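The values are calculated or read from the model by the stated rules, or taken from the named source; none is laboratory data. The structure presented is a predicted model; accordingly, all values stated were derived computationally and were not measured. Cβ sites come from the backbone with ideal geometry, for glycine too, and all protein chains shown count toward neighbours. Ligands, DNA and RNA are excluded from the accessible area calculation, which covers all protein heavy atoms including side chains. Shrake-Rupley method; radii C 1.70, N 1.55, O 1.52, S 1.80 Å.
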Amino acid sequence: GAGVSQSPSNKVTEKGKDVELRCDPISGHTALYWYRQSLGQGLEFLIYFQGNSAPDKSGLPSDRFSAERTGGSVSTLTIQRTQQEDSAVYLCASSVGLAGRYNEQFFGPGTRLTVL
Amino acid sequence: GESVGLHLPTLSVQEGDNSIINCAYSNSASDYFIWYKQESGKGPQFIIDIRSNMDKRQGQRVTVLLNKTVKHLSLQIAATQPGDSAVYFCAENIRGGKLIFGQGTELSVKP
């Protein structure tokens with residue numbers, strides 16, 4: 001079946017512009033996660049959504065970052081007034097059932113963001 | 001955010017040899033650990049997981065060992081193949097699905 005998809009695959013923007021990154025989770029997965037991966041580094045947790053519960057935003061690096069999930073499915077990560085240090089690969093993942101222990105997270109291919 | 005940001009260590013092995021990739025985790029309260037494989041240009045792919053009440057778990061050609069005393073995980077790959085070349089990350093579950101990833105190790109398999 002279809003996996004997690006993300007769009008665009010690549011995004012080049014100018015410093016100060018806003019960007020929106022989209023994630024389509026696996027159908028039926030109730031939990032959705034966003035991570036950031038800088039060049040040559042591990043993944044950094046940003047935010048996760050679980051059903052109708054309030055999202056865990058504890059990883060968002062600044063108030064320029066926000067995310068929403070509409071209808072319990074598609075999610076959009078928005079970065080306002082982008083800075084060069086925002087350049088990274090943004091990865092989305094989803095999991096079935098409750099977010100938490102023992103639920104495998106399936107990752108999308110990521111969106112590579114470059115801020116000039 | 002929480003992550004370890006260092007240049008990736010690398011491991012180079014000959015095809016057919018066994019590989020051992022090590023990882024130190026940070027939180028003694030973590031109860032679930034996962035190993036991911038990431039190939040260039042792709043998202044991480046699940047390899048194997050282990051719960052904190054276990055010391056060892058085996059999959060197909062892979063084994064994960066957990067030492068809670070020293071907060072250490074290892075991934076053993078038997079008969080390493082060129083297709084195993086990738087970056088390998090360990091991750092620990094802190095709470096509510098939030099995964100904390102290690103720095104990653106780049107595995108290079110020489111034919």
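Based on Cα positions only, what radius of gyration and what Dmax would you give for chain A, in angstroms?
Over chain A's Cα set, Rg and Dmax evaluate to 13.4, 40 Å.
Could the peptides A:61-72, B:77-88 be put in order, highest first, of the mean number of other beta-carbon atoms found within 10 Å of their residues?
Numbers: A:61-72: 13.0, B:77-88: 16.8.
In descending order of packing, they fall as B:77-88, A:61-72.
Work out the mean other chain Cβ neighbour count within 10 Å for the residues of B:97-108 and drop it here as an integer. All intermediate terms of the calculation are to be shown ahead of the outcome.
Values: counts 16, 11, 8, 5, 7, 2, 3, 5, 0, 1, 0, 0.
So the per-residue partner count for this stretch is 5.
So which lysines can A:Lys11 reach, going by Cα to Cα under 21 Å and dropping same-chain residues fewer than 8 places off?
Within the straight-line cut-off, A:Lys11 pairs with B:Lys42.
Ranked from the most accessible area to the least, with a 1.4 Å probe and all protein chains present, what is the order of B:Lys71, B:Lys110, B:Lys37? Can you show the working numbers first?
Working: B:Lys71 65, B:Lys110 95, B:Lys37 35 Å².
Order by accessible area, largest first: B:Lys110, B:Lys71, B:Lys37.
Mind checking A:33-42 for the average number of partner chain beta-carbons within 10 Å of each residue's beta-carbon?
Mean partner-chain Cβ count within 10 Å for A:33-42: 6.
Relative contact order (percent) for chain A, with alpha-carbon contacts under 8 angstrom and 6 or more residues of separation?
Contact order relative to length: 38 percent.
For A:Lys17, list the lysines whose Cα falls under 23 Å from its own Cα; do not include residues on the same chain fewer than 8 positions away.
Correct list for A:Lys17: A:Lys57.
Using only alpha-carbon positions, what ratio does the radius of gyration of chain B give when scaled by 2.2 N^0.38 Å? All intermediate terms of the calculation are to be shown ahead of the outcome.
Values: Rg = 13.5 Å, N = 111, 2.2 N^0.38 = 13.2 Å.
Compared with the compact-globule rule of thumb, chain B sits at 1.02.
Which value results when the Cα radius of gyration for the protein assembly as shown is divided by 2.2 N^0.38 Å? Present the calculation step by step, with values, prior to reporting the outcome.
Working: Rg = 17.4 Å, N = 227, 2.2 N^0.38 = 17.3 Å.
Its radius of gyration relative to the 2.2 N^0.38 Å reference: 1.01.
How do A:Phe49, B:Phe46 rank by accessible surface area computed with a 1.4 Å probe, from largest to smallest? Walk me through the numbers on the way to the answer.
Numbers: A:Phe49 20, B:Phe46 55 Å².
Correct descending sequence by accessible area is B:Phe46, A:Phe49.
Using a simple spin-label model with points 7 Å from Cα along the Cα→Cβ vector, what separation in nm is obtained for A:Thr114 and A:Lys15?
Here the modelled spin labels are 1.7 nm apart.
Mind checking the dipole of segment A:14-109: about its Cα centre, +1 per Lys or Arg Cβ, -1 per Asp or Glu Cβ, Debye to the nearest 20?
Numbers: 9 positive and 11 negative charges, 13 e Å.
Computed about the Cα centre, the dipole is about 60 debye.
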